[in-house]
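Trainee: Starting off with a structure, shown below.
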Amino acid sequence: MPPASDHTKTPQLDDAELVRRVRAGEQAAWSILIREHQDRLFNVCLRMVSSRELAADLTQDAFVKIIQGIDSFDGRSKLSTWMIRVTMNVCLSKLRSEKLRRHASLDATTRTNDDHDETTFAQQLQGSEPQAHERVEQDRERLLLQRALAELDSEQRAILILADARGVAYEQIAQVLGIAIGTVKSRVFRARTTLRDLIEAQRRNSP
Amino acid sequence: MSDPASNPSPNGLPGPVSEEQMVDWIDNRLSAAEVEALVLASGRSDIRQRVQQLQRNKQLLAALPTEAAPPDLHDRVLAALERDALLGVSPEQWAQVEDSAQPVASLPIDRFEAQRQSPSQGRNWWSAAPSLAMAASILLLVGGGVLLYPTIRAAMQPAPRATPGGAGGTLAEARPESTPNPLANPGSNPVVASNARSTTEVPLSAGSADASTLAAATSAQSDASLAAAAQPIDSARALQLAQEGRLIVRLLAKDAGALPRIEATATNPQSRLPWRLTREVPAAVVAAMMPKAPGEPEFASAQGLRNRTESMLSAFAGPAAAFAMPSPQTLAQSKVRGTYVLDVQHSTLSFAQALDMLSKGLGASVQFEESPQPLPLQRQQRSQDVLWWTQPASQWTDRVAVPIIVQRG
């Protein structure tokens, strides 16, 4: 499934107009902002913490900070990119303060994906044999990936989610993080290789 | 870091190839010739396979299923925003939203409000000129009043009456004897005396009250008040008093700067808070809540309450008010920052939550006061009250109206 587009806003209300109305304190604009971006930000949080409840709490915190701090959005990046970055900061802050990385990893991910596996397996029984086999393999790969992602250092996980899961351009990441594009690429590459190593380790340990 | 020489073989990948080049390869941004050159430069036969692995992982990451946000997230965010507006947050928080290295926190509302204005507004002195001119005018008026007051006062006084002793009377001696003033020192401060005169509506016969009886009565009342005050009012008792209409909540705030934003949120009819504030407080209730000057007697009757209301209003009205020196009563009342009626569910928890939010938002301490008689308060009916059966069962609880006064403490 391709990453969600960064442009899900209604065409009548562009970023600048939405920001202007949020700055003016219009509660209707707050609602528009929340409704248009809640799925995207929730999924960012979900990738970071692997727990729906915690992800919902973090998304809520992120929205509060976004609306309260909308004046610090200077328009250099897209609004959605800036919002993702703020959300990522909220997640990283939470992970750092509570050292959740370890126990946010396997349990929740395994539980979620085991449930998911059961569903997909039942669905696969109804499909043709080769397709079912492919999907089982795909789901297994996805499970390994999610486990490895949860094991990844939170900073590396963050940049991978930005770059690969959300499809944010390196230029945008560089602008939002205030670092050179080469540094972004370097960090992305290292995160990718670390992830690959973790997946391989998962594969070796799995039966 | 992208220099192959300075960064040899990071993560087990080929040394002579930079990380940026590898990323471009994984992202399929290189031509076939460029890929071939990289393979040759790396000197590793398995580099294609490794890159394919990374590409596969990237595709899997992009293909992770998205989930819908919880349906109540929107309402939760709005409720949290209102709560933050009430409680405020410390100025140290929300240093920089975009600082990736630092955890971010909420932006204080006052800073948020300040930032809402365009930067030029803060520097434009000309835009503040009308306000400055008005402030200067008020200062001149007050200063002139203070300077002219003794002259005007002396001119308005009748000539001292001749006394049997033949000596000229003092200002206090010249006061008509029909206005007994046992609470103030008549010769020391005529303005205080005048104010004290207006408070002699304590339920005693003014005509029969000499200084000693009135003082004794006042003392007895004060003792009763002190005894009542000595009994702590817990939240259950406070709620009971609230139901009887005899509770006054006093919020003593060191800095009531947060009051406007709290008021804006808590009085908003669209607020999702389970309680409301209203600014529409009956004058008699305001009078009952007003802080009392030291030595000012309590009132214990409806007539006394009415008299106090009238005296309180007259202190701020009429031409004499412009030249009157502030009395202790006026000074005490000047501490008041706002009076409200709290509309809240008749439950200890709801009541405590509302007060907790207000006290935290204002950094204030809470004082309960018991009024000797029910205050003339009418709770505003809302549509939910009339159509109560349309509400969840949890909302069927009775509601109470509690007067709240916010003052500098």
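The values are calculated or read from the model by the stated rules, or taken from the named source; none is laboratory data. Quick caveat, the model's predicted, so the values are computed rather than measured. Heads up, the Cβs are rebuilt from the backbone with ideal geometry, glycines too, and the neighbour counts pull from every protein chain shown. These accessible areas exclude ligands, DNA and RNA; they are computed on the full protein's heavy atoms, side chains included. Shrake-Rupley method; radii C 1.70, N 1.55, O 1.52, S 1.80 Å.
Trainee: Of the residues that sit in region A:185-207 and are more than 9 Å from chain B (Cβ to nearest Cβ) and among the aliphatic types (A, V, I, L, M), which one is nearest to A:Arg40 (Cα to Cα)?
Mentor: A:Ala191
Trainee: Same structure again: Considering A:Ser93, A:Ser51, A:Ser97, which residue is modelled with pLDDT under 90, more than 9 Å from chain B (Cβ to nearest Cβ) and under 30 Å from A:Arg147 (Cα atoms)?
Mentor: Working: A:Ser93 fails: more than 9 Å from chain B (Cβ to nearest Cβ); A:Ser97 fails: more than 9 Å from chain B (Cβ to nearest Cβ).
Selected residue: A:Ser51, the only one of A:Ser93, A:Ser51, A:Ser97 that is modelled with pLDDT under 90, more than 9 Å from chain B (Cβ to nearest Cβ) and under 30 Å from A:Arg147 (Cα atoms).
Trainee: Okay, next question. In region B:334-355, which residue that is part of a helix (DSSP H, G or I) and of a type in the set (A, V, I, L, M) is farthest from B:Ala287 (Cα to Cα)?
Mentor: Within region B:334-355, the match that is farthest from B:Ala287 (Cα to Cα) is B:Leu349.
Trainee: Sticking with this one: With the condition kept exactly as written, say whether any residue in region A:164-187 is open to solvent by 40 Å² or more (accessible area, probe 1.4 Å), closer than 18 Å to B:Leu54 by Cβ, among the polar types (S, T, N, Q) and free of Cβ contacts under 8 Å to residues at least 60 places away in the same chain.
Mentor: Within region A:164-187, none of the residues are open to solvent by 40 Å² or more (accessible area, probe 1.4 Å), closer than 18 Å to B:Leu54 by Cβ, among the polar types (S, T, N, Q) and free of Cβ contacts under 8 Å to residues at least 60 places away in the same chain.
Trainee: Restricting the search to region B:243-260, which residues are open to solvent by 50 Å² or more (accessible area, probe 1.4 Å), in a helix (DSSP H, G or I) and touching a residue at least 24 places away in the same chain (Cβ under 8 Å)?
Mentor: B:Gln243, B:Glu244, B:Gly257
Trainee: Separate question: Please work out which residue is nearest to the other protein chains (Cβ to nearest Cβ), limiting yourself to region A:54-89 and to residues that are under 15 Å from A:Arg23 (Cβ atoms) and outside any helix (DSSP H, G or I).
Mentor: Top of the filtered list is A:Gly69.
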